[in-house]
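Data first, discussion second: the structure below is written as C-alpha cells.
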Amino acid sequence: MIRKAFALMSLSAFCAVSSAQEYEISYTEWGVPDFQGVWKHATVMPFERPEELGEQGTYSEEEVLALERNVQERFDADNEPLDPNRPPPEVAESLPPIGNYDLFWRDDAQFLPTINGEFRTSAIVEPANGRLPEVFPEARERLLAARGGRQGRTNDGPEGRGLGERCLVGFGNLSGPVMSPVIYNSHLQFVQSPGYVTIVAEMVHDARIIRIGGERNPAAEAQRKWMGDSIGRWEGDTLVVETQYFNEWHSLRGLPVDNITITETFRRESDYKLIYGFRVSDPSVFADEFYGEYPLSRIDEPIYEYACHEGNYGMFGILQGARRLEVMSELETGGESEQ
C-alpha cells in the first residue's frame with residue numbers, strides 16, 4: 001500500500017517550502033524534543049557514494065532533478081504491463097536479485113530529500129570519498145568462524161538461512177543499528193516516555209528500547225541482544241545513542257559486530273523531517289571510523305501488521321525441498337539415503 005509521505009514531493013519544491021518557514025521544535029510534556037510518530041526511511045541516496053563521483057559530496061538542483069527523472073522513467077518502464085504470452089525465463093539466474101518481486105510489491109524511493117539544505121550523494125560523509133573504510137580480511141574470517149564455517153545461505157538447517165528469512169529481525173538492517181532503508185515497509189515508529197525511547201520497525205515489528213541516562217547494565221556483554229544494548233542521552237535538542245554488545249549472529253553489511261560501537265544521533269530539522277546520524281567504530285574490522293546521515297520523512301498513517309511468512313511455511317518448504325534433493329541425488333548415484 002502506498003502511504004502519503006509529507007516530504008515525498010518534488011524535492012526542489014520541498015526545499016523551497018522548508019526554507020521559507022522557521023521551524024520551532026515541539027517538546028514532550030517532560031521537556032525533551034518530541035520525535036513521536038511514524039517516519040518513512042526512504043531515499044534514492046545510496047549508502048556509499050558511487051566511485052566515479054570521488055569526493056563530490058553534493059548534487060546541484062539540476063543534477064537532482066535529472067536523477068529523480070531517471071528514477072521515475074525507470075520505474076515507469078519497469079511497471080509496464082507484462083505480455084501474457086511471454087515465454088518463461090530460461091534459467092533461474094535470469095530472474096532479478098529479488099526473485100519474483102515486481103513493482104507491485106515494492107515501495108522504492110523516487111526522491112532525494114535534503115539534509116541541512118544539501119542534496120547528498122551518499123549517506124556516508126566521512127571519509128571524504130563517501131565510502132566504507134578499508135575492511136581487514138581477518139574480520140570476514142572471524143564472522144565465518146563464529147557461524148560454524150557457513151558462508152552465504154545454506155540449506156543444512158534453519159541457521160543457514162538469513163535472519164530475515166527466519167523472521168528473527170527485519171531484513172536489510174531497517175531496525176539497525178545502523179538503520180538503513182529497505183525496498184518496502186521501510187517505516188519506523190518512535191514512541192517516547194520519561195526515561196525511554198522505543199523505535200519500532202514495521203519489518204518484523206522489531207522494537208529497540210533505548211534507555212535514557214544511567215550506566216550500562218553490566219550483564220549487557222554476556223546477554224547480547226539482536227540489536228545491541230542501547231543507552232541514550234540528550235545533548236541539547238539532539239538525542240545521542242550509543243550501542244554495543246550485539247548478538248554474534250547479527251552483522252553490519254556482512255561484517256561482524258562483536259566489537260563494534262555505533263553512536264547514533266537524532267534531531268528534528270522540520271515538522272516533517274528527522275535527521276538520523278550514525279558513527280561506526282570498530283578497529284578490529286575497519287581501518288578507520290565512518291560517519292553518515294539519513295533523512296527520515298514524517299508520514300500520516302500508522303505502521304501495519306507484518307506477518308513475515310506466517311507459521312514459517314517458507315522455511316519448512318526450503319528445508320523440505322533440500323532434503324528431497326538429497327534423497328534424489330542418493331538414488332541417482334546408487335547410494336543409500338539416510339532420509
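If R0 is 25 Å, what FRET efficiency do you get for Glu62 and Ala128 from their C-beta distance, rounded to 0.05?
Between Glu62 and Ala128 the formula returns 0.60.
For the charge dipole of the range 11-330, defined by +1 on Lys and Arg C-beta atoms and -1 on Asp and Glu C-beta atoms about the Cα centroid, which residue among Ser297, Ile275, Gly195 has the Cα displaced farthest towards the positive pole?
Gly195
Largest first, please: the extent of the C-alpha atoms of the range 226-339 along each principal axis, to the nearest Å.
Here the spans come out as 71, 41, 20 Å, largest first.
Determine, at each q value in 0.07, 0.10, 0.14 (inverse angstroms), the log₁₀ of I(q)/I(0) that the Debye formula gives when each Cα of the range 11-330 is one equal point scatterer.
-0.32, -0.67, -1.30
Roughly what would the spin-label model give for Thr198 and Arg253, points 7 Å off Cα along C-beta, in nm?
3.1 nm
Length gain on complete extension for the stretch Leu144 to Ile318, per 0.36 nm per residue less the alpha carbon to alpha carbon distance?
Contour length minus Cα-Cα distance gives 60.4 nm.
Expressed in nm to one decimal, what extension gain is obtained for the pair Thr265 and Glu52 from 0.36 nm per residue of sequence separation less their Cα-Cα distance?
73.8 nm
Between the range 150-179 and the range 288-320, what is the separation of their alpha carbon centroids in Å?
11 Å
Between His309 and Trp105, what is the label-point separation in nm under the 7 Å Cα-to-beta-carbon projection?
Once both label points are built, they end up 1.0 nm from each other.
First measure r as the distance between the Cβ atoms of Glu22 and Trp226, then evaluate 1/(1 + (r/R0)^6) with R0 = 30 Å and state the FRET efficiency to the nearest 0.05.
FRET efficiency, Glu22 to Trp226: 0.15.
Expressed in nm to one decimal, what extension gain is obtained for the pair Glu330 and Leu82 from 0.36 nm per residue of sequence separation less their Cα-Cα distance?
85.2 nm
Readers should treat all values here as calculations from the given coordinates under stated rules, not as data from a laboratory. The shown structure was predicted, so the numbers you read here are calculated from the model rather than taken from an experiment. For neighbour counting, all protein chains shown are included, and Cβ atoms are generated from backbone atoms with ideal geometry for every residue, glycine included.
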